Each structure stands twice: as C-alpha cells, then as structure tokens.
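Asks: Dumping the structure here so I can ask a few things about it.
Read the figures in this text as sums done on the coordinates, not as results from a lab. Remember, predicted model here, so these are calculated numbers, not experimental data. Neighbour counts are summed over all protein chains in view; Cβ atoms, including those assigned to glycine, are modelled from backbone coordinates with ideal geometry.
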Amino acid sequence: MRRVLIARAKCDRDYSPALTPLAHTAVKMDMPDNMLEDSLLHKAWRVMVDNLEEWSNLMRQNADTLVLEVMEKLAALVTEKRASRKVYYEEHHRITNEVPRLQEAVAKAKANYEQALDQYKNAKTKYEDHYLKGKPGRKLEELKERYQKSC
C-alpha cells in the first residue's frame, strides 16, 4: 500500500506542473469570438482553462499532503501492528509454556485428593468395624483419631 501511495503522489507531482503550460497554451489559442460568447460549452471551457493553474497547485498540495500526513499515519499504523503482533506472540508463548505447568499442578492435586479420599475411606471403615464389634480400648481410640484426622 505504501508503494501505491508513493507512486500516486509521484504521478500527481509530475502531472501538476504539466497543467500550467497547458493552461497557458489554451489561453493563447482561445480567441475571443462574439458568436461563441453565449455558448454554454464555451463558457465551461473558459472556466476550465481559467482554473487549470489553480487545479495544478491544488493537485501538488494534495500530493504533498498525501506524502507527509498519510504516509506518516500509515507508518505509525504499521509500527503499531508490528508491536501488537509481537505482544500477541509473547503472550501466546507465555501461555503455551504455562499450560503444562498448570496441568501438572492439577494432576498432582487430583492425585493428592484421591489419596486423601482413600485414606479417609479406610480409616472410616476400620473405625466403624471396631466400633460395631464393641471393643473399647486403646485401639479404638487410635482408629478414631486417624478417622478424625482424615476428615
């Protein structure tokens, strides 16, 4: 896009100086004629010839504006796009590297939970068995403590 804009500005700059000699030549060639004074076509031609130099200046100014302002904005947008892309890739890389670590942490927590659940079930079963047998004593108190710890 940048190349197209530069080419457009170059063409406009080259074209605008060519309009001035064209205007001077058209003025020289255009002879006042009383018969043509009332013609709308002749009036339109006169307006066009009279404004050719002004159009030339305007075209040159527009080409300069195109190069100065639009190209600066385009360059800023390209720079911003590159910076955004860099930030995106860095963030993507960081997240991609963090996912396996989080998966490992979740798997470890799940394994710990399952182990604690098994310990709880075993302690509960042993305590209930001893309690139902009705054997009071040190063993029952020990099983009760294990059961309460696992809760």
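Asks: Working from the pairwise distances between different alpha carbons, so that the mean of 1/r is found and then inverted, what is the stretch 1-139's Kirkwood radius in Å?
Replies: 23.9 Å
Asks: For the charge dipole of the chain, defined by +1 on Lys and Arg C-beta atoms and -1 on Asp and Glu C-beta atoms about the Cα centroid, which residue among 147, 19, 61 has the Cα displaced farthest towards the positive pole?
Replies: After comparing all options, I get 147.
Asks: With +1 on each Lys and Arg Cβ and -1 on each Asp and Glu Cβ, and nothing else charged, work out how big the dipole of the chain is about its Cα centre, in Debye to the nearest 20.
Replies: Dipole of the chain, to the nearest 20 debye: 2100 debye.
Asks: On to the next question. Would you compute, from DSSP H runs of 4+ residues alone, the mean residue ellipticity of the chain at 222 nm, taking -39500 (n - 2.57) per run and dividing by the full residue count, rounded to the nearest 500? Don't jump to the answer; show the numbers that get you there.
Replies: Working: 4 runs with 130 residues, N = 151.
One gets -31500 deg cm²/dmol as the mean residue ellipticity at 222 nm.
Asks: Rounded to a whole number, what is D in µm²/s for the stretch 60-151 from Stokes-Einstein with the Kirkwood radius over alpha-carbon pairs (20 °C, 1.002 mPa s)?
Replies: After rounding, the answer is 110 µm²/s.
Asks: Angle, helix 71-133 long axis vs. longest principal axis of the chain, Cα atoms, 0 to 90°, nearest 10?
Replies: With both axes taken from Cα atoms, the answer is about 10 degrees.
Asks: Could you derive backbone 3J(HN,Hα) for the stretch 46-63 from the dihedral phi with the Karplus parameters 6.51, -1.76 and 1.60 (θ = phi - 60°), listing whole Hz in sequence and x where the residue is Gly or Pro?
Replies: Coupling constants for the stretch 46-63: 5, 4, 5, 5, 5, 9, 4, 5, 5, 5, 4, 5, 5, 5, 5, 4, 5, 5 Hz.
Asks: Run through all the Cα pairs of the stretch 10-74 and give the fraction in each 10 Å bin from 0, expressed as whole percent.
Replies: The percentages, shortest bin first, are 21, 37, 23, 13, 5, 1.
Asks: In nm, what is the difference between 0.36 nm times the number of residues separating residue 45 and residue 92 and their Cα-Cα distance?
Replies: 10.6 nm
Asks: When a footprinting reagent is the concern and you count Cβ atoms within 10 Å, what order do 99, 78 take, fewest first?
Replies: 99, 78
Asks: Using a Förster distance of 35 angstrom, determine the FRET efficiency expected from the C-beta separation of residue 139 and residue 110, and round it to 0.05. Mind showing how you got there, number by number?
Replies: On the way: r = 33 Å, r/R0 = 0.94.
In this case the efficiency is close to 0.60.
Asks: OK, next. Please report the net charge: other residues with Cβ closer than 13 Å to the Cβ of residue 15, K and R +1, D and E -1.
Replies: Net charge in that neighbourhood comes out at +2.
Asks: Would you please state which residues of the stretch 1-15 a label at residue 78 would reach in this model, taking the label point 7 Å out along Cα→Cβ and a backbone N cut-off of under 11 Å?
Replies: Inside the label zone: 1-6.
Asks: Also: Please give the contour-minus-distance gain from residue 61 to residue 22: 0.36 nm per residue of separation, less the Cα-Cα distance, rounded to one decimal in nm.
Replies: Taking 0.36 nm per residue and subtracting the Cα distance, the gain is 12.2 nm.
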